[in-house]
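Shown next, in structure tokens, is the structure this report addresses.
The values are calculated or read from the model by the stated rules, or taken from the named source; none is laboratory data. Treat the numbers as computed from the prediction; the structure is a model and nothing was measured. Please note: Cβ atoms are built from the backbone with ideal geometry, for glycine as well, and neighbour counts cover all protein chains shown. Surface accessibility is based on the protein's heavy atoms, side chains included, excluding ligands, DNA and RNA. Shrake-Rupley method; radii C 1.70, N 1.55, O 1.52, S 1.80 Å.
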Amino acid sequence: MAEEVYVASIDQGTTSTRFIVYDRHAKPVASHQLEFKQHYPEAGWVEHDPMEIMESVKICMAKALDKAAADGHNMDVGLKAIGITNQRETTVMWSKSTGLPLYNAIVWMDARTSPICRRLESDLSGGRTHFVETCGLPISTYFSALKVLWLIENVDAVKNAVRAGDALFGTIDTWLIWNLTGGIGGTDRDGNKVFGHHVTDCSNASRTMLMNLKALDWDKPTLETLGIPAEILPKIISNSERIGVVANGFPLAGVPIAGCLGDQHAAMLGQLCQKGEAKSTYGTGAFILLNTGEEPTQSSHGLLSTIAYKLGPSAPTNYALEGSIAIAGAAVQWLRDSLGIISTAADIEKLADTVQDSGGIYFVPAFNGLFAPWWRDDARGICIGITRFTNKGHIARAVLESMCFQVNDVLSSMHKDAGEAGEVKSAEGEFLLRVDGGATVNNLLMQIQADLLGSPVVRPADIETTALGAAYAAGLAVGVWSKEQIFAGLHKENTTVFRPKLDEAHRRKRADSWYKAVSRSFDLADLSL
């Protein structure tokens, strides 16, 4: 009988944590998911409790292992490695001596750093694009460096810890790895003393604004310009290598952590996107990435240059163009939690299907401003075109359409930046958009996306490609799979293809109306004052 071989993933997202165990064929055999609390201390502010996130990881690991054991899977000898994937840009500062957070984690979509952005834009010679050549990113509330500055300037505990050399910075991957591998001091399975590894991978580091995109190291001139001390930063590693082993006190003590990627980069790998191929992940936000190969591509249409993946310390780096959308599935949660129009997220499909179209309604979910390709943190959410004819079905459909229109905006910019040479097309000469993430179970959403895009949308059988990508990276590092096996389609399943049904004239008219709606959302940030 073949030896049991498993690889697992910690998938730490914006609203929930998951732990998934895969078999040697990359099929999921057990999983557990847990939502955790979102904190909104002020308008535009979003925080998480890092200790609650750590506890959620521990619980998900234990529960998934219990389920696997109940189904007859032997994890004690069979589990070879753990991969980690995480919400990116979310910023944690903690004490090196106590291991406790110095403040709540500031979440990627948080907009409190707007004044710091404005200050830097006016003080620096390059304005909003001052650091783009080095890190591929504009100055924006989105990125970790600005959150670090806010913490140093506004939180005494952080300021004092930085001054005393007791502060550590990390995105969520760093916080998890540091704790899982020993933190302020633990023991391994043999009773030896171990301490937490303070590391981040190159994909997460590429989202801080502090990493040199070509050198894959912290950029000294950027650190000096911003006044961020290098001592608080983690070591940058590749996406697929042995990082450390899980310390005692956690489920799976002794198992190596061997893969780490930011969620969107993990989804790229999970979708097996090679040069010229693009994917869109629909979660709290929506994130579209196009693999541009081994050279970074600078965008002149509002996109970000970033890492796709680097599958080993000596492996080549694949780069990507990315368009980040702040609010996608979060708008559905808003309909459910704040307006009570639906009871569960799944209800939106049925409600939106009660109408033929959105009835002239356009919804722009600029709750915390707009990301790519607009980069307007002065934008606010609007719903326009309302008449007496409007009902909640129209609003539900407009919310779904808003996700698709935003994805279109990004893909349009990608087509302009990458050009014909930068995209791989199908045998029929079509550009295919690979999709994944929780919202893609919604067939109506996927059909709307194909209609408004005018290109086929391809959904895999396993839509949780983020966790799968982290598992691939970890399995690769410990020899469970080879790179050739992974890209040959280790996990090829039946896909569902959604083909456009809307005619070109109607599609153009809808796009023009959407642009009109987006323009109306600008310069509204002061309405809340």
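Students sometimes get this wrong: rank Phe487, Phe431, Phe367 by accessible area, probe 1.4 Å, all chains present, largest first.
Working: Phe487 40, Phe431 20, Phe367 65 Å².
Listed by decreasing accessible area, they come as Phe367, Phe487, Phe431.
Which entries in the list Lys37/Lys350; Lys214/Lys275; Lys96/Lys235; Lys80/Lys235; Lys220/Lys275 go over 21 Å, if you measure between the two C-alpha atoms of each? Walk me through the numbers on the way to the answer.
Numbers: Lys37/Lys350 27 Å; Lys214/Lys275 18 Å; Lys96/Lys235 15 Å; Lys80/Lys235 24 Å; Lys220/Lys275 30 Å.
Table pairs above 21 Å Cα-Cα are Lys37/Lys350; Lys80/Lys235; Lys220/Lys275.
Which longest uninterrupted range of the chain lacks any GluC sites (Glu not before Pro) assigned by DSSP to a loop state (not H, G, I, E or B) and surrounded by at most 12 other Cβ atoms within 10 Å?
With GluC sites (Glu not before Pro) excluded where exposed in loops, the chain gives 43-293 as its longest stretch.
Testing the spin-label approximation: label points 7 Å from Cα along Cα→Cβ at Arg119 and Asn160. State their distance in nm.
For the pair Arg119/Asn160, the computed spacing is 2.2 nm.
Roughly how many Å² of His301 are accessible to a 1.4 Å probe, to the nearest 10?
Looks like 70 Å² after rounding.
What is the range 467-529 by shape, rounded, prolate or oblate, if you read a ≥ b ≥ c off the alpha carbon gyration tensor as root eigenvalues and call it rounded for a/c under 1.5, prolate for a/b larger than b/c, and oblate otherwise?
It is oblate, given that a/c is not under 1.5 and a/b is not larger than b/c.
How high is the relative contact order of the chain, given as a whole-number percent (alpha carbon pairs under 8 Å, six or more residues apart)? Show your work: numbers first, answer last.
Numbers: 1203 pairs, mean separation 76.1, N = 529.
Relative contact order for the chain comes out at 14 percent.
Need one number: nm distance between label points at Asp66 and His415, each 7 Å from Cα along Cα→Cβ, rounded to one decimal.
5.1 nm
Rounded to whole Hz and in sequence order, give me ³J(HN,Hα) for the range 245-251 from the Karplus expression 6.51 cos²θ - 1.76 cosθ + 1.60, θ = phi - 60°, writing x for Gly and Pro.
With the stated coefficients, the range 245-251 comes to 10, 5, 7, 4, x, 10, x Hz.
Rounded to the nearest percent, how much of the accessible area of the chain (1.4 Å probe, protein heavy atoms only) is carbon and sulfur?
The computed percentage sits at 50.
Could you give the distance between the Cα centres of the range 428-504 and the range 276-330, to the whole Å?
15 Å
Considering only DSSP beta bridges with both partners in the chain, what is the antiparallel share in %, to the nearest 5?
On the way: 56 of 78 bridges.
Given both bridge residues lie in the chain, the antiparallel proportion sits at roughly 70 percent.
Shape verdict for the range 1-125, please, from the Cα gyration tensor: rounded (a/c under 1.5), prolate (a/b greater than b/c) or oblate.
Details: a/c = 2.86, a/b = 2.48, b/c = 1.15.
Prolate, because a/c is 1.5 or more and a/b exceeds b/c.
Only Cα pairs under 8 Å and at least 6 apart count here; give the relative contact order of the range 146-241 as a rounded whole percent.
28 percent
Once you have a ≥ b ≥ c as the square roots of the Cα gyration tensor eigenvalues for the range 103-158, tell me rounded if a/c is under 1.5, and otherwise prolate or oblate according to whether a/b is larger than b/c.
Prolate, since a/c reaches 1.5 and a/b exceeds b/c.
Label-point separation (nm) for Asn248 and Thr98, each offset 7 Å from Cα along Cα-to-Cβ?
Spacing of the two 7 Å Cα→Cβ label points: 2.6 nm.
Counting only the heavy atoms of the protein chains, how much of Met54 is accessible to a 1.4 Å probe, in Å² to the nearest 10?
For Met54, solvent-accessible area is about 20 Å².
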